[in-house]
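What follows is a single structure, written as structure tokens, with notes after it.
The values are calculated or read from the model by the stated rules, or taken from the named source; none is laboratory data. This structure is a prediction, so every number in the text was calculated from the model and none was measured. Please note: Cβ atoms are built from the backbone with ideal geometry, for glycine as well, and neighbour counts cover all protein chains shown.
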Amino acid sequence: MHPTIESVTERIRKRSEASRSSYLERIDGAVGSGPARSRVSCSNVAHAFAASGEDKPVLKAMQAPNIGIVTAYNDMLSAHQPLEKFPALIKFAAQSRGCSAQVAGGVPAMCDGVTQGQPGMELSLFSRDVIAQATAVALSHNTFDAALLLGVCDKIVPGLLIGALAFGHVPTILVPGGPMPSGLPNKEKARVRKAHAEGKASREDLLEAESQSYHSPGTCTFYGTANSNQMMMEVMGLHLPGSAFVNPNTTLRERLTLAAGERACEITAQGDAFTPLGRTVDEKAIVNAMVGLSATGGSTNHAIHLVAIARAAGIAIDWTDLDEISRATPLLTRIYPNGEADVNHFHEAGGMAFVIRELLDAGLLHPDIRTIHGGDLYAQAQDPFLDGERLDWKPAVEQSGDNAILRGAERPFAPEGGIRLLQGNLGRAIVKISAVEPEHRRIQAPARVFDSQDELLRAFRDGVLDGDFVAVIRGQGPHGNGMPELHKLTPTLQVLQDRGQRVALLTDGRMSGASGSVLAAIHVVPEAARDGLIGRLEAGDEVIIDAEMGRLDCAVDAETLRRREPRPLDLAANRAGIGRELFGAMRAQVSDAESGASILFVSE
């Protein structure tokens, strides 16, 4: 193993020793003999299979495993629309193995693409914990011997996984839906967005470009949070090998879904391949996820989500761990927004099988994790294919099919990964540099302070954003307004940078899985609403953001900043409307971003 990967893993293991031991003791104690429903009273279990039709005799006999399906299906979210057909396929697969399967419950699944820049985005981060709780409710019937989690997008996969980890004694497989086919090239989409921001393209032009980009069932094809989710499930061994980026509504995708149902029947406590989720998601699997995130230029959102996932398994990680791993990991991919290709092009060039094999051979991934398919992680470095009608797997390609998109570990795009920790007298923050050119990775410029992204956009329309500056947008943290993504700022800031201005973003909010070519120091902790010094910055203060050196400072010293009266933070308009009034308790109790921005573990 690479010495940094080894040392960070050992540090995490020691830090987590007490909490991990407590977690494992709890889940090991929940494992019983025989099917789970055999330990439930007759009246209770009769309720559980009353509507099960042809599966009722199998369920009543109390002999065969029963698979619980938790689904995030809705037909508004393009990535999740294909999931409508999955339960029927899974039930068929279970029956073919003498088992049964039931839809245990559904979870909400909002689309950040729809809510970007809208009030609903202030519910987005909190939806992850709601999904985790809904997953726990679904599995709380305690009649399932394995679980299949159907979900793809931003907060949904982390939420499903966090919820399922509360039932860590239950073997669990993540079942993705796959990306939509390639549409309008991402570079052209970005060009139209910038033109619209400058008033050079109409709303009709913009809508047409967006419609050609997001055009069919399946996940959005850029490498944002949704597709980063799928990458992480692969390197953690929670997918059948190569499941991540097979297009929906294809025979291969159907066969993979059937195979997931079949495999779930084989890994329960009643068989010889028992694979409880809580034993699969261990320190090594979490480190693998951090390595994958770094090597592929993945979403900054996982600097929050992965902390929460780890916590759910009794494992404590922080941004220092992620930073050290990223600095030891080469960047192997160029997928939009870190390049021009999309995930379909990446998959065709060799995809996840190639990435996993390269990282394993370089000693950067732990091979000896307990995967759901039964082999070690080298067995995950395979591509599924159809041999006639039969599903089979083949080894990863030896060479990348396109060196402009995907490279081996010996000749990477960059010697270090895509994510950095920043720290200094303003606190700690995350920055994604994989899409930022080296000449834009450091800035020292006066602050311009805004209370919302709309306020900055108005200043742009008014023509007053001249010169070099750091745009400070405060009050955007989880305790403030729920930590929305500020992605609609991207075209405007790119326009300013293209004009020759040196600009950057500094915020206690999130940017996006699609963070682009403008330097953005995000997730600042402490946040303004918790008296973080970002809330005491004033217009003209010199701010230094240096992604290479990991520096986040103000030329005004911290003690002087603390003596300042904090600039009033008026969040009254963010407290109600579009359901925000229902999330007040979450805003009040949520932990900070580096602790996972969660309400689920605050009482521990």
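Summary table
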{"quantity": "Any hit, region 266-274, residues being in the same structural domain as residue 366 (by TED's automatic domain parsing) and in a helix (DSSP H, G or I)", "calculated": "yes"}
{"quantity": "Checking residue 498 against (1) at pLDDT below 95; (2) surrounded by fewer than 18 Cβ atoms within 10 Å (Cβ to Cβ); (3) closer than 26 Å to residue 119 by Cβ, the condition it does not meet", "calculated": "(3)"}
{"quantity": "Failed criterion for residue 322 (all others in (1) out of contact with any Asp or Glu (no Cβ under 9 Å at 6 or more places or on another chain); (2) surrounded by fewer than 23 Cβ atoms within 10 Å (Cβ to Cβ) hold)", "calculated": "(2)"}
{"quantity": "Selected residue (only one of 106, 68 is touching a residue at least 40 places away in the same chain (Cβ under 8 Å) and either touching a helix residue (DSSP H, G or I) at 6+ places or on another chain (Cβ under 8 Å) or not polar (S, T, N, Q) (or both))", "calculated": "68"}
{"quantity": "Unique match (being over 29 Å from residue 415 (Cα atoms) and surrounded by 15 or more Cβ atoms within 10 Å (Cβ to Cβ)) among 366, 373", "calculated": "373"}
{"quantity": "Matching residues, region 20-37, being touching a helix residue (DSSP H, G or I) at 6+ places or on another chain (Cβ under 8 Å) and assigned to a helix (DSSP H, G or I)", "calculated": "20, 23, 24, 27, 37"}
{"quantity": "Helices (runs of 4 or more DSSP H) completely within region 48-156 that count 3 or more residues being aliphatic (A, V, I, L, M)", "calculated": "56-61, 86-96, 124-139"}
{"quantity": "Considering residues of region 464-489 that are in a loop (DSSP other than H, G, I, E, B) and among the small types (Gly, Ala, Ser) only, the residue surrounded by the fewest Cβ atoms within 10 Å (Cβ to Cβ)", "calculated": "467"}
{"quantity": "Residue in region 494-517 that is under 16 Å from residue 420 (Cα atoms) and either among the acidic types (Asp, Glu) or assigned by TED's automatic domain parsing to the domain that holds residue 116 (or both) present", "calculated": "yes"}
{"quantity": "Any chance residue 280 is in contact with a Pro (Cβ under 6 Å, 6 or more places away or on another chain) and either in contact (Cβ under 8 Å) with a residue 40 or more places away in the chain or surrounded by fewer than 21 Cβ atoms within 10 Å (Cβ to Cβ) (or both)", "calculated": "no"}
{"quantity": "Extreme residue, nearest to residue 199 (Cα to Cα), among residues of region 431-461 that are small (Gly, Ala, Ser) and either in contact with a Phe, Trp or Tyr (Cβ under 7 Å, 6 or more places away or on another chain) or at pLDDT 95 or above (or both)", "calculated": "459"}
{"quantity": "Region 73-93 residues that are touching a residue at least 12 places away in the same chain (Cβ under 8 Å), paired with ones that are surrounded by fewer than 20 Cβ atoms within 10 Å (Cβ to Cβ) and of a type in the set (Asp, Glu) (beta carbon under 6 Å, 6 or more apart)", "calculated": "73/84; 81/75; 93/262"}
{"quantity": "Cross-chain or 6+ apart pairs with Cβ under 7 Å, region 217-229 first and closer than 19 Å to residue 418 by Cβ, then in a strand (DSSP E or B)", "calculated": "221/179; 223/335; 226/219; 227/179; 227/219"}
{"quantity": "Out of 309, 315, sole residue that is under 28 Å from residue 28 (Cβ atoms) and not in a helix (DSSP H, G or I)", "calculated": "315"}
{"quantity": "Criterion violated by residue 297 - all others in (1) modelled with pLDDT of 95 or more; (2) out of contact with any helix residue (DSSP H, G or I) (no Cβ under 8 Å at 6 or more places or on another chain) satisfied", "calculated": "(1)"}
{"quantity": "Evaluation of residue 238 against (1) in contact (Cβ under 8 Å) with a residue 60 or more places away in the chain; (2) touching a Leu at 6+ places or on another chain (Cβ under 8 Å); (3) in a helix (DSSP H, G or I) (one fails), failing number", "calculated": "(3)"}
{"quantity": "Test: residue in region 303-312 that is under 13 Å from the mean Cα position of the chain (by Cα), modelled with pLDDT under 95 and either buried (at least 23 other Cβ atoms within 10 Å of the Cβ) or of a type in the set (Phe, Trp, Tyr) (or both)", "calculated": "no"}
{"quantity": "Selection from region 2-19 of residues that are of a type outside the set (Val, Ile, Thr) and under 13 Å from residue 290 (Cβ atoms)", "calculated": "2, 11"}
{"quantity": "Which numbered condition residue 54 misses (of (1) more than 27 Å from residue 109 (Cβ to Cβ); (2) surrounded by 13 or more Cβ atoms within 10 Å (Cβ to Cβ))", "calculated": "(2)"}
{"quantity": "Lone qualifier among 259, 197 - being surrounded by 22 or more Cβ atoms within 10 Å (Cβ to Cβ), in contact (Cβ under 8 Å) with a residue 40 or more places away in the chain and among the hydrophobic types (A, V, I, L, M, F, W, C)", "calculated": "197"}
{"quantity": "Filter result for residue 339 (in the same structural domain as residue 128 (by TED's automatic domain parsing) and crowded, with 24+ Cβ neighbours inside 10 Å)", "calculated": "no"}
{"quantity": "Number of the condition not met by residue 387 [criteria: (1) touching a His at 6+ places or on another chain (Cβ under 9 Å); (2) more than 22 Å from residue 148 (Cα to Cα); (3) surrounded by fewer than 18 Cβ atoms within 10 Å (Cβ to Cβ)]", "calculated": "(1)"}
{"quantity": "Selection from region 44-101 of residues that are within 23 Å of residue 215 (Cα to Cα) and among the charged types (D, E, K, R)", "calculated": "75, 84, 85"}
{"quantity": "In region 501-528, the residues that are of a type outside the set (A, V, I, L, M), crowded, with 24+ Cβ neighbours inside 10 Å and part of a loop (DSSP other than H, G, I, E, B)", "calculated": "508, 509, 512, 513, 515, 527"}
{"quantity": "Filtered residue count, region 535-564, keeping only those that are in a loop (DSSP other than H, G, I, E, B), in contact with a Lys or Arg (Cβ under 8 Å, 6 or more places away or on another chain) and not aliphatic (A, V, I, L, M)", "calculated": "4"}
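Yes or no, residue by residue, for (1) out of contact with any Gly (no Cβ under 9 Å at 6 or more places or on another chain); (2) in a helix (DSSP H, G or I):
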position	(1), (2)
184	yes, no
190	no, yes
208	yes, yes
227	no, yes
232	no, yes
243	no, no
